[in-house]
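Encoded as structure tokens, the structure appears first; notes follow it.
No lab work stands behind these numbers, since they all come straight from the coordinates. In this text the structure is predicted, and so the values were computed from the model without any measurement.
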Amino acid sequence: MPDPQPRPEADAPAVDFRRLPEPIALEDTVAVHDVRPVPDPDGGRDPNHEWMIRHA
């Protein structure tokens, strides 16, 4: 059964979030993921169209 009285530490902010880190300028950031467009997995073909033609 839960306690009927709320705990005082539940109302206080977490210690880790009392002071936020300094903001980082966008110019100082580095892209870690490849941002180029991904290649077409179907190679430019329409598999639904080919399936329809094959089984029509």
statement: Here the gain from full extension of Ile24 to Arg36, 0.36 nm per residue of separation minus their alpha-carbon distance, amounts to 1.9 nm
- line: Karplus ³J(HN,Hα) for the range 40-56 (6.51 cos²θ - 1.76 cosθ + 1.60, θ = phi - 60°; Hz, whole; x = Gly/Pro) runs 5, x, 9, x, x, 8, 9, x, 5, 5, 5, 5, 5, 5, 5, 10, 7
